[in-house]
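Just so it is clear, none of the values below were taken in a lab; they were calculated from the coordinates. Just so we're clear, the structure is a prediction, and the values are computed from it rather than from any experiment. All Cβ positions, even for glycine, are placed from backbone atoms using ideal geometry, and neighbour counts span all protein chains on display.
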Amino acid sequence: MHDLIIIGAGPAGLSAAIYAARAELDYVLIEENFVNGGQIIDTYEIDNYPGLPGISGMELAEKMADHAEKLGAEVVNAAVEGLELTGPVKKVMTDEGTFEAKAVIIASGAAHSHLGVPGEESLAGHGVSYCATCDGAFYRGKTTVVVGGGDVAVEDAIFLARGCEKVYVVHRRDELRAVKTLQTALFALPNVEMVWDSNLKSINDGEGTGKVSSVTVVNKNDGSERVIDAEGVFIAVGITPRSGFVGTGVETNAGGYIVAGETGETSIPGVFAAGDVRAKQLRQVVTAVADGANAVTSVQRYLLEG
């Protein structure tokens with residue numbers, strides 16, 4: 001029986017592990033992947049984490065994991081298959097056995113939806129990004145492409161247009177799904193060009209540099225193809241929380257995100273959520289690590305009151 005089980009070894013989970021160790025809690029950290037760090041390990045460079053400008057995602061993940069390990073963290077590599085969370089004893093069932101604890105922090109993160117087109121995977125972190133606020137500053141004065149038509153895609157395009165020479169927005173329909181206020185702001189920008197009724201066919205490295213050089217788009221109506229020269233491609237076609245294993249016990253919103261406030265408290269006493277799996281406004285490394293710290297503080301209060 002542990003005091004705490006932390007599910008996920010991304011920034012939120014590693015932060016929680018650090019705070020749990022400093023609080024002298026008996027905890028176990030469960031991570032499905034053999035490399036800790038979550039989504040940031042796929043980010044070539046992170047320039048907005050305070051105090052560490054320009055650090056690579058992999059290096060930041062390693063620093064966080066090393067910090068946790070120096071405080072005694074031991075990661076169990078296992079895939080979570082189910083949870084039993086009601087009552088004072090929480091059970092986490094994995095492919096490596098069942099773990100029990102008085103409290104659980106779910107920090108399993110989220111995954112950006114991918115298009116699955118040629119070049120997307122090989123050029124990820126080298127011109128292909130899923131976060132304009134994370135990586136947009138690297139493309140100041142350059143040409144970029146945003147794929148998508150919802151609020152996030154339009155917000156990304158507006159953000160990029162502030163510093164990029166040109167921004168193309170590729171959308172599969174003839175109108176955007178974003179709220180009208182965002183559309184009005186987007187259409188007023190002189191350096192944004194809409195590419196309607198089109199799907200991304202491929203992301204190209206035509207110069208053999210290992211970086212994005214252009215994209216190929218296909219018009220849905222007539223099948224015509226167009227090559228657009230660009231240095232960056234921002235894919236904003238959705239994000240999916242890794243909450244499928246949670247079941248019906250913990251309250252989630254329509255998008256599948258766990259409903260929890262700043263304290264991390266969920267609809268079940270003793271169960272907390274941290275990081276990208278939690279319903280919140282901003283999903284960044286800095287907010288994830290803050291979530292981990294807050295969740296452990298809530299766990300301590302819960303254990304004392306229990």
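Over the chain, what number does the Rg to Rh ratio reach, with both radii from the alpha-carbon atoms and Rh per Kirkwood?
With Rh from the inverse mean 1/r over Cα pairs, Rg/Rh is 1.02.
Would you work out the relative contact order for the chain, in percent, from Cα pairs under 8 angstrom that are 6 or more residues apart? The partial results should precede the final answer.
On the way: 715 pairs, mean separation 63.1, N = 306.
Normalised by residue count, the contact order of the chain is 21 percent.
Please work out whether segment 104-237 counts as rounded, prolate or oblate from its C-alpha gyration tensor, where a ≥ b ≥ c are the square roots of the eigenvalues and a/c under 1.5 means rounded, while otherwise a/b larger than b/c means prolate and anything else oblate?
Because its axes are fairly even, with a/c under 1.5, segment 104-237 counts as rounded.
Among Ile7, Leu60, Ala78, whose Cα projects farthest towards the positive end of the dipole of segment 1-122, with charges put on the beta-carbon of Lys, Arg (+1) and Asp, Glu (-1)?
Highest projection toward the positive end goes to Ile7.
Please list, or write none, the lysines whose alpha carbon is within less than 24 Å of the alpha carbon of Lys90, excluding same-chain residues fewer than 8 places away.
Correct list for Lys90: Lys102.
Can you tell me, using C-alpha contacts under 8 Å and at least 6 residues apart, the relative contact order of segment 47-181 as a whole percent?
Details: 123 pairs, mean separation 19.2, N = 135.
Over segment 47-181, the number comes to 14 percent.
So what is the relative contact order of segment 114-235, in percent, for Cα pairs below 8 Å that sit 6 or more residues apart?
Relative contact order here is 31 percent.
List the residues whose amide H sits under 5 Å from the amide H of Val145, counting only those 5 or more places along or on another chain, with H placed 1.01 Å from N in the peptide plane.
Tyr168, Gly232, Val233, Phe234
Please enumerate, by chain and number, the lysines with C-alpha under 16 Å from the C-alpha of Lys211, excluding those fewer than 8 residues away in the same chain.
Lys142
Considering only DSSP beta bridges with both partners in the chain, what is the antiparallel share in %, to the nearest 5?
Once the DSSP bridges in the chain are tallied, antiparallel ones form about 45 percent.
Direction-averaged shadow area of the convex hull around the Cα atoms of segment 65-119, nm²?
The orientation-averaged projected area of the Cα hull of segment 65-119 comes to 6.4 nm².
Counting only the backbone N, which residues of segment 193-209 are under 19 Å from the spot 7 Å out from the Cα of Val227 toward its beta-carbon?
In segment 193-209, the label zone of Val227 (backbone N under 19 Å from the point 7 Å along Cα→Cβ) covers 199-209.
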